[in-house]
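Beneath this line is the structure, given in structure tokens, with notes to follow.
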Amino acid sequence: MQERLKELQEEAIQKIEQSASLKELNDIRVAYLGKKGPITEVLRGMGKLSAEERPVMGALANEVREAIAVKIEAKQKGLEEAAVLEKLATERIDVTLPGRPVKVGNHHPLTRIIEEIEDLFIGMGYQVAEGPEVEQDYYNFEALNLPKGHPARDMQDSFYITEEILLRTHTSPVQARTMEKHEGKGPIKIICPGKVYRRDNDDATHSHQFMQIEGLVVGENIRMSDLKGTLEVFAKKMFGDDREIRLRPSFFPFTEPSVEMDISCKICGGKGCSVCKQTGWIEILGAGMVHPNVLEMAGYDSKKYTGFAFGMGPERIAMLKYGVDDIRHFYTNDVRFLKQFSVEE
Ligand code: 2NL
């Protein structure tokens, strides 16, 4: 029996040394040390031995078992190390290879223009205000001095959801709501960007959904000169210090007096070209002093408080600034168009 055990030990050790994989090694472990293995078998036969022989055989069997286990463990370590080295060799990384370029996206040109305008006004102490796109007739029209049946409502052919609810046709309702929230107190300095909707047939310069940015200042002693100074700073920061501005009389139901602002055409230097339609001037935005009716409806004493407001279309600003010839480019998401506005740094 002793010999049988020694034989087993040698046999196992030889196989362990020859084994070439972790799987093979594990098979050897199961074969020799497992419950159905020969050593267990030997131990099971010990019942037949005498009381003197039994501890000697038991000790030997355990020795053999231990020797095999130690050998397996050492071999396993060796195989594992070899596997790691093999992996390191085959998966070697060449750190001198140039990296793969990372695709960086960019902001949509309209987003860029809007954020640029927001930043400009934030720099002058304005806050950005937002409001619902599905709006009540009251805030969209009535609170802005456009009562039901007012002819100017026709200029903003609207998407009505019910008699009293529609998709906002401008961002002015955000200003009307802000004024109402201030409960007759000033000052207010806000800039309101957002999507607006009008029933229009889409073409190169019209879209049924577009963006607007409006501004509103309400306080004591706010005058037309404040409006003019503010708009001049805006125009020069947006289009360049070399631009002149010009205010022309106009009409909006929510402002009185009302103006439209032009900037001098840079392309022809004022001589007249196709961009400025031979006038030397390009229309940028509409503005005016807030109509007393609008102030009163929002809860202000129009004898004490005055204000100015202005509104512009970021699409138009972007088209002029970047030379885009069709408003639909902003909405069709053609990456060949959008990629032209990436800012490489
Ligand atoms: C344009 C003209 C304008 C306003 C918007 C406004 C808002 C309130 C009160 C008074 Cl709450 N006015 N907004 C005023 C004048 C012009 O927009 O041509 N937009 C594209």
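The values are calculated or read from the model by the stated rules, or taken from the named source; none is laboratory data. Keep in mind the model is a prediction, meaning the values are calculated, not measured. Every residue, glycine as well, gets a Cβ built from its backbone with ideal geometry; the counts of neighbours run over all protein chains shown. Surface areas here come from the heavy atoms of the whole protein model, side chains and all, with no ligands, DNA or RNA. Shrake-Rupley method; radii C 1.70, N 1.55, O 1.52, S 1.80 Å.
In this structure, does residue 250 turn out to be within 16 Å of the ligand (Cβ to nearest atom), open to solvent by less than 60 Å² (accessible area, probe 1.4 Å), at pLDDT 90 or above and more than 35 Å from the chain's Cα centre (by Cα)? When the stated conditions are applied, residue 250 passes them. Taking the range 276-296 as the range and being more than 30 Å from residue 188 (Cα to Cα) and free of Cβ contacts under 8 Å to residues at least 24 places away in the same chain as the test, the residues that pass are 276, 277, 278, 279, 280. For the range 273-286, does any single residue satisfy the condition of being modelled with pLDDT of 95 or more and either open to solvent by 20 Å² or more (accessible area, probe 1.4 Å) or within 15 Å of the ligand (Cβ to nearest atom) (or both)? Checking the range 273-286: at least one residue is modelled with pLDDT of 95 or more and either open to solvent by 20 Å² or more (accessible area, probe 1.4 Å) or within 15 Å of the ligand (Cβ to nearest atom) (or both).
Residue 225 passes every criterion in (1) more than 15 Å from the ligand (Cβ to nearest atom); (2) in a loop (DSSP other than H, G, I, E, B) apart from (2).
Yes or no, residue by residue, for (1) over 30 Å from residue 186 (Cβ atoms); (2) open to solvent by less than 50 Å² (accessible area, probe 1.4 Å); (3) touching a Lys or Arg at 6+ places or on another chain (Cβ under 6 Å):
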{"site": "302", "(1), (2), (3)": "no, yes, no"}
{"site": "305", "(1), (2), (3)": "no, yes, no"}
{"site": "319", "(1), (2), (3)": "yes, yes, no"}
{"site": "331", "(1), (2), (3)": "yes, no, no"}
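In the range 201-221, the qualifying residues are those that are of a type in the set (Val, Ile, Thr) and touching a Phe, Trp or Tyr at 6+ places or on another chain (Cβ under 7 Å), and the one that is nearest to residue 327 (Cα to Cα) is 217.
Count of the range 222-245 residues, restricted to those that are open to solvent by 60 Å² or more (accessible area, probe 1.4 Å), at pLDDT 95 or above and in contact with a strand residue (DSSP E or B) (Cβ under 8 Å, 6 or more places away or on another chain), is 4. Just one of (1) part of a strand (DSSP E or B); (2) within 14 Å of the ligand (Cβ to nearest atom); (3) of a type in the set (A, V, I, L, M, F, W, C); (4) more than 30 Å from residue 240 (Cα to Cα) fails for residue 196. It is (4). Listed by first and then second residue, the pairs with beta-carbon distance under 6 Å, at least 6 apart or on different chains, first residue in the range 169-187 and more than 7 Å from the ligand (Cβ to nearest atom), second modelled with pLDDT of 95 or more and among the charged types (D, E, K, R), are 171/214; 173/135.
Within the range 319-331, residues that are in contact (Cβ under 8 Å) with a residue 60 or more places away in the chain reach partners that are assigned to a helix (DSSP H, G or I) with beta carbons closer than 6 Å, at six or more positions or on different chains, in the pairs 327/315; 330/110; 330/315.
Residues in the range 124-168 that are polar (S, T, N, Q) and more than 11 Å from the ligand (Cβ to nearest atom): 127, 136, 158, 162. When the range 6-45 is examined, which residues are found to be in a helix (DSSP H, G or I), small (Gly, Ala, Ser) and open to solvent by less than 40 Å² (accessible area, probe 1.4 Å)? Residues satisfying the conditions are 12, 45. Residues in the range 171-193 that are outside any helix (DSSP H, G or I), closer than 23 Å to residue 209 by Cβ and touching a helix residue (DSSP H, G or I) at 6+ places or on another chain (Cβ under 7 Å): 190, 191, 192, 193. Across the range 307-345, which residue is nearest to the ligand (Cβ to nearest atom) among those that are modelled with pLDDT under 90 and among the hydroxyl-bearing types (Ser, Thr, Tyr)? Ranking the qualifying residues of the range 307-345, first place goes to 322. Residues that are of a type in the set (A, V, I, L, M, F, W, C) and open to solvent by less than 80 Å² (accessible area, probe 1.4 Å) within the range 71-106 comprise 72, 74, 79, 82, 83, 89, listed in sequence order.
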